[in-house]
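Quick notes on the structure that follows.
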Amino acid sequence: MSTRAAAAPAKTTSSSFSWREIMGFLKRDNPDAPLNMTKAIVVAWFMIPEETWIAAAADWTAATSDLPDPSEHGFNNVMAGIIPIITWGPQQTDTYYDIDLVDPLCDHYYNDAFGNPTIYRSTPGYSIDELNDTPTQPSFIGIRAGGPNAGSLVVHLQSGDSPTGSNMDIRLTACTYTDPGTPGATQPESQIFTDATYAVASTKGYFGNSDQTGIGDDIPDGTQQPSIVSLSTGWHVAVISWDVTGGNAIHAVDNGLHLTMEQITDAYSMLWCALDDVNKSGENLPALWLGMYGTNTPVDPNAMQSSNCKAAAFSNFSDPDAGTLALSSPTIPSNPICIPGPASLNRDSGTIVPVYKIRMADLQIFTDRSIDTSDITKRRLFVTSTGRPADPAIAASALGKAPEVLLRGGGFITGTNLGTAGNFTPTGTITAYGTAPSL
């Protein structure tokens, strides 16, 4: 089997630790009993072989060097260069709108009342270049292997819902205005917009730090994301928890460009993350942190915004005094669950096999629970003070329930799930690996 078709291995030993090398994948496909992933904890021990780093980086290079024609917009590079650790939910279809800013400065020259040349800088306009239906990314947790953010932990929580809103239509027009024309005329007070509007509430939202094209990270340039050293072949552990049950909501205001994201946000969701037993928050959170675009008052270091609300936050709305946009009760589709990834995914450019050779140890999923990873006692539920997997019974006792998914030891080979959500079906070759997980 080619390197791209290789999946992550699980590990096993006669001791309390277990580990495997996966050259295939495990799949739980039970549409009648999907997991509720709107509030969850995912813990995964993993090791990435050098050959996998190289293969995934090559995929990123190919995806970004052979871009589609500009008229072909969409999710053209789904999971490009991503080494998946766990993937869940179906690929959905969404409508991608490519909206371009027209004349961003909108400088218009006219003569003032005294005949002096004057610049009138007006509000920018927008235009739609292309609309087409394209495949979305499924939800996943993985490591990016290519590009400037190689080694970064990537989280993508794909909602099955579109936000709802009112008076949040983007004005689709170039800058048109009434030209005073002659000396003695008065400066126009505002532009005249004559074209149609575009409802921003139509596309499905997602949470995390991936971007919708799959190429990069949807964060400001220079922001440090949680990462491991590129080409690292040692053991790592990711402890990620989220709660999106509160949804997201923003409101539009006049002069929005002078405000921060936090000032126009009415509701937000939460994400917590520890990578290799180090808490990540604020600008290091693998999500669209609420304070990422400036703050007016202290912002919760784990507050995150959805893709729709972030994208619409500072747009040119048709009625900024009354506009609202909300992803009130998002769902995170969870069927199927694939470890590390599915057999194939669609890109606009064709089908890819997103499963790479990877080594894995204890993997746990708890639903309807969340933890704050800044609390070291919560991290000790999964990682011992000596940097090894904790006894799963410790977390189950503290959280008041058994995990829905607990894969360890021979369970990675047979698909036997020690959690409550039923077994997985193994595909491909999964073998034992000889190095116990330890940071």
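The values are calculated or read from the model by the stated rules, or taken from the named source; none is laboratory data. Please read these numbers as outputs of a predicted model, since none were measured by experiment. Here Cβ is always computed from backbone atoms with ideal geometry, including for glycine, and neighbour counts include all displayed protein chains.
Every residue, every condition in (1) of a type in the set (S, T, N, Q); (2) assigned to a loop (DSSP other than H, G, I, E, B); (3) surrounded by 19 or more Cβ atoms within 10 Å (Cβ to Cβ); (4) modelled with pLDDT of 50 or more, yes or no:
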site: Gly146; (1), (2), (3), (4): no, yes, yes, yes
site: Ala150; (1), (2), (3), (4): no, yes, yes, yes
site: Asp161; (1), (2), (3), (4): no, yes, no, yes
site: Tyr177; (1), (2), (3), (4): no, yes, no, no
site: Gly181; (1), (2), (3), (4): no, yes, no, no
site: Thr194; (1), (2), (3), (4): yes, yes, no, no
site: Lys204; (1), (2), (3), (4): no, yes, yes, yes
site: Trp242; (1), (2), (3), (4): no, no, yes, yes
site: Thr245; (1), (2), (3), (4): yes, yes, no, yes
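Identification of helices (runs of 4 or more DSSP H) wholly contained in the range 351-435 with 1 or more residues that are touching a residue at least 60 places away in the same chain (Cβ under 8 Å) and among the aromatic types (Phe, Trp, Tyr) yields 411-414.
Listed by position, the strands (runs of 3 or more DSSP E) inside the range 1-108 whose residues that are at pLDDT below 80 number at least 2 are 19-28, 93-102. Being surrounded by 15 or more Cβ atoms within 10 Å (Cβ to Cβ) and under 19 Å from the mean Cα position of the chain (by Cα) is a condition met by no residue of the range 376-384.
Determine whether Ser328 is among the polar types (S, T, N, Q), at pLDDT below 95 and surrounded by fewer than 21 Cβ atoms within 10 Å (Cβ to Cβ). Yes: the conditions hold for Ser328.
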